[in-house]
Amino acid sequence: MRDKKRFIYTKLFVIFFIGLLITACSKSEKKESAQTIDNQIIEKISGEWLDNNYTYDQYKITTSKKSIFFNSVELIVEKTEKNKIFTVEKEDERAQCTFELFEDKLMVYRQYEIEQDPKNPSVGGVLAPIELRKKRILTKEALLGNWESAEANESVYIRINDSFLNQISIDFTDNEEFNNVKSEMLMLEEQSHTFQYINEEQSIRYIFSYVDKEDLLIQCSSVKTGEELQRYILKKMAIESK
């Protein structure tokens, strides 16, 4: 009888001890997780960004404590180190994405793990890094005026005038005297960091945004297909033409 009681007490003690170990390990894991993920650095990359190369593609980043949406791709945050955020795609953990935040830009490094061949080992599929910078807020007052192409090999001159409520007129020509202009009346669709207008036929969408310092980017795309038709990179003319 005593042996039976001793066995029961021993069993209860072992169960209690294992429970303590599990609780301690759980607290340790939570503490380690909290130490390796800095939510402040994650919040800093949230917002609208512009590709800092000749394409000027636009990216939107939204964040939560454990997830980052890079445009429509959901990424799971694994850890942070100083100004770096290490993530993997939720749908495919072989796809890795690392964000490195600087004072004036955000670098995005992408890599895809590939199955290793023992006879021909390789590191993996490394994609070209993306250099992003925060979009500057464009005002309607800054949008108005006379512009010329910022690219030396293009003769493009554009004049933007205020019109009725939520409308602007835009003139296109190939000379700084603004002779023989082609004009469009545009209606405002959306305003945030950019201005989004549509022409009267509702066939072409115009998106106006800053690209570098005071330079203006105009992206023209088909309303029906979304295909980009034309883009202009412009600088303000030093002397306004009349």
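The values are calculated or read from the model by the stated rules, or taken from the named source; none is laboratory data. These figures come from a predicted structure and were not determined experimentally. Methodologically, a virtual Cβ is constructed for each residue, glycine included, from the backbone with ideal geometry; neighbour enumeration extends over all protein chains shown.
Scanning the stretch 183-242 for residues that are touching a strand residue (DSSP E or B) at 6+ places or on another chain (Cβ under 7 Å), among the charged types (D, E, K, R) and under 17 Å from ILE158 (Cα atoms) gives GLU184, ARG205, GLU214, ASP215, ARG231, LYS235, LYS236, GLU240. For the stretch 35-53, a residue qualifies if it is outside any strand (DSSP E or B) and in contact (Cβ under 8 Å) with a residue 24 or more places away in the chain, and the qualifying residues are THR36, ILE37, ASP38, ASN39, ILE41, ILE42, LYS44, ILE45, ASN52, ASN53.
Among the residues of the stretch 65-74, just one is free of Cβ contacts under 8 Å to residues at least 12 places away in the same chain and exposed (fewer than 14 other Cβ atoms within 10 Å of the Cβ), namely SER72.
From the list ILE130, ILE198, ILE218, ILE204, exactly one residue is assigned by TED's automatic domain parsing to the domain that holds THR98 and within 24 Å of ASN71 (Cα to Cα). Which is it?
Values: ILE198 fails: assigned by TED's automatic domain parsing to the domain that holds THR98; ILE218 fails: assigned by TED's automatic domain parsing to the domain that holds THR98; ILE204 fails: assigned by TED's automatic domain parsing to the domain that holds THR98.
From the options ILE130, ILE198, ILE218, ILE204, the qualifying one is ILE130.
Looking only at the stretch 75-114, residues that are in contact (Cβ under 8 Å) with a residue 12 or more places away in the chain, of a type in the set (Asp, Glu) and under 24 Å from LYS135 (Cα atoms) come to 2 in all. Of all residues in the stretch 45-60, those being under 11 Å from LYS134 (Cα atoms) and either surrounded by fewer than 16 Cβ atoms within 10 Å (Cβ to Cβ) or not aromatic (Phe, Trp, Tyr) (or both) number 9. Just one of the listed residues (GLU100, GLU48) is in contact with a Phe, Trp or Tyr (Cβ under 8 Å, 6 or more places away or on another chain), among the charged types (D, E, K, R) and modelled with pLDDT under 90, namely GLU48.
Of all residues in the stretch 185-213, those being closer than 18 Å to SER149 by Cβ and at pLDDT below 95 number 7. Restricted to the stretch 54-106, the set of strands (runs of 3 or more DSSP E) holding at least 1 residues that are closer than 29 Å to PHE208 by Cα and not aromatic (Phe, Trp, Tyr) comprises 58-63, 67-70, 73-81, 95-101.
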